[in-house]
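S.K.: One structure coming up, written as structure tokens, with questions to follow.
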């Protein structure tokens, strides 16, 4: 049996894994959206602008409410490149650095 000949996990394990990956990506984006407006601000500046509790809602950043930064975009394009590398692995053309490089070129084009 080859490395690509069959599923290692059952359906429920695959769904659980995908759910955890989606949750991680969503949490990353939400944390970025919460932190983007206060990036590079000192704690006192944050409290002055948002009150003693700091940011408790999605404030405007980058021209709109709940916007994410380039860091979340790069994370998502990195995942896209890794998924494409995995698909290409099954065709025998596996070279993750190339697939990541192409993903970053797509990000730069946006």
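The values are calculated or read from the model by the stated rules, or taken from the named source; none is laboratory data. On a predicted model such as this, the values are computed, not experimentally measured, just so you know. Cβ: placed from backbone, ideal geometry, glycine included. Neighbour counts: every protein chain shown.
S.K.: Return yes or no: is residue 64 under 30 Å from residue 109 (Cβ atoms) and exposed (fewer than 10 other Cβ atoms within 10 Å of the Cβ)?
M.R.: On the way: under 30 Å from residue 109 (Cβ atoms): yes; exposed (fewer than 10 other Cβ atoms within 10 Å of the Cβ): yes.
So residue 64 fits the description; yes.
S.K.: Let me ask something additional. Picking from 67, 61, 85, 103, which residue would you name as being in contact with a helix residue (DSSP H, G or I) (Cβ under 7 Å, 6 or more places away or on another chain) and modelled with pLDDT of 95 or more?
M.R.: Details: 67 fails: modelled with pLDDT of 95 or more; 61 fails: modelled with pLDDT of 95 or more; 85 fails: modelled with pLDDT of 95 or more.
Every option except 103 fails the conditions.
S.K.: If you scan the range 29-79, which residues turn out to be within 30 Å of residue 99 (Cα to Cα), touching a strand residue (DSSP E or B) at 6+ places or on another chain (Cβ under 6 Å) and assigned to a helix (DSSP H, G or I)?
M.R.: Going through the range 29-79, the residues within 30 Å of residue 99 (Cα to Cα) turn out to be 29-33, 35-36, 62, 66-79.
Filter again for touching a strand residue (DSSP E or B) at 6+ places or on another chain (Cβ under 6 Å), leaving 36, 67.
Within the range 29-79, 36 is the sole residue that qualifies.
S.K.: Answer yes if at least one residue in the range 69-78 is farther than 28 Å from residue 38 by Cα, surrounded by 16 or more Cβ atoms within 10 Å (Cβ to Cβ) and not assigned by TED's automatic domain parsing to the domain that holds residue 38, and no otherwise. Don't jump to the end; show me each part of the working.
M.R.: From the range 69-78, those farther than 28 Å from residue 38 by Cα are none; that's our starting set.
No: zero hits.
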